[in-house]
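See structure below.
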Amino acid sequence: MSDSSLLIHIGYPKTASSWLQADVFLDKTTGFCVPWEHQDGLCHHASDLFINCDVFSQSAALEFFQPGLISANQNQLIPVLSNEFLSGCFFFTPPNYSPSLPGEIAERLKSTFKSAKILIMIREQQSMLLSAYRQMLIMGNSLTIEEFINTGENGKDITKHPSVGNLENLKFDQLIAKYYDVFGQDKTLVLPMEYLKKDMNLFFKTLYDFIQIPTQLINNQDSKNVGLTGGRLAILRQLNKTISLTQNNPKMRENLFKINYKVAQVLDPVIPKKINESVETKLKQFIQKTVGNYYQESNQKTSKLIGIDLAKLKYPC
């Protein structure tokens with residue numbers, strides 16, 4: 001089995017993953033394909049094979065992915081294994097989570113795909129945390145921003161996060177250095193999501209140069225998982241408190257979640273602009289005050305590792 005053309009996209013979450021999966025990697029006119037079971041380009045089974053496994057099985061992973069690799073090679077397309085949780089950064093911490101898990105995932109991927117290339121997407125951390133919080137509420141949670149970031153009793157302990165895992169995982173230099181060591185720097189591409197917003201053509205030229213195929217035209221620019229307004233988030237969080245009462249009834253929980261989301265959607269247009277702005281400002285201010293310069297040193301290291309001045313992209317450096 002040849003995996004030399006395989007591109008493994010490991011996230012991070014909240015870095016345009018859904019858009020890349022559904023509108024780029026799934027579109028064969030871009031030169032990519034997702035030749036195995038997926039949901040809108042996201043390979044869920046990769047979580048079972050590489051993350052949520054008590055004992056990693058290289059043979060099981062090979063058995064699942066081999067037919068797709070053969071098919072992609074026959075069709076002269078770049079196969080993409082995309083799952084943003086391969087970064088080791090999660091909305092819900094898996095039972096087997098430990099600080100060493102992100103590195104273990106890298107080792108498991110390497111043992112399965114010897115010659116694959118790695119794509120890592122990063123994003124300014126405060127922006128990422130706010131986006132992740134929005135997503136948590138959309139998923140039916142009722143956490144406050146304080147509970148989400150879990151600052152602890154003293155208001156300073158932000159190293160352990162109940163939902164996204166360990167906030168150390170957002171010190172990107174650690175994961176990047178691991179993939180450089182395991183796969184090689186020449187086979188690991190790190191791109192800030194901000195590049196995608198600033199200059200999409202440059203972003204994709206860099207990606208295509210990395211996988212060594214001619215640059216293709218990307219037409220679809222529709223956003224996925226667009227964040228909700230501040231007022232709508234506040235309403236949804238209150239409505240979601242009822243979901244906790246249905247823990248033993250998955251069907252009712254699912255229906256209630258849909259109802260809550262619809263109610264918040266209906267009320268959204270009548271929420272005054274000032275309320276939206278007030279809620280959003282408070283969320284941003286809390287994150288900024290709590291996180292502060294927590295990632296400054298890491299971002300400086302990341303800039304050197306990837307050869308990109310992250311300070312120019314408004315990362316704390």
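As for segment 3-16, it holds no residue that is assigned to a helix (DSSP H, G or I), under 16 Å from Leu189 (Cβ atoms) and not aromatic (Phe, Trp, Tyr).
Entry remark, segment 279-300: residues being over 21 Å from the mean Cα position of the chain (by Cα), within 20 Å of Leu167 (Cβ to Cβ) and in a helix (DSSP H, G or I) number 6 in total. Within segment 50-93, being without any contact (Cβ under 8 Å) to a residue 40 or more places away in the chain, within 18 Å of His9 (Cβ to Cβ) and of a type outside the set (Gly, Ala, Ser) holds for one residue alone: Phe64.
Can you find a residue that is polar (S, T, N, Q), at pLDDT 90 or above, within 20 Å of Leu20 (Cβ to Cβ) and in a helix (DSSP H, G or I) anywhere in segment 133-142? Steps first, answer last, please.
So the first thing to find is which residues in segment 133-142 are polar (S, T, N, Q), and the list is 135, 141-142.
After this cut, where a residue has to be at pLDDT 90 or above as well, the list is none.
Looking through segment 133-142, none of the residues is polar (S, T, N, Q), at pLDDT 90 or above, within 20 Å of Leu20 (Cβ to Cβ) and in a helix (DSSP H, G or I).
Scanning segment 31-49 for residues that are more than 16 Å from the chain's Cα centre (by Cα), part of a helix (DSSP H, G or I) and buried (at least 20 other Cβ atoms within 10 Å of the Cβ) yields a single hit, Leu49. For segment 9-30, the candidate set comprises residues that are of a type in the set (Val, Ile, Thr) and either out of contact with any Gly (no Cβ under 9 Å at 6 or more places or on another chain) or farther than 20 Å from Glu194 by Cβ (or both); within that set, the residue that is surrounded by the fewest Cβ atoms within 10 Å (Cβ to Cβ) is Thr29.
The values are calculated or read from the model by the stated rules, or taken from the named source; none is laboratory data. Only a predicted model underlies this, so the values are computations on that prediction, with no experimental measurement involved. Cβ atoms come from the backbone with ideal geometry, glycine included; neighbour counts cover every protein chain shown.
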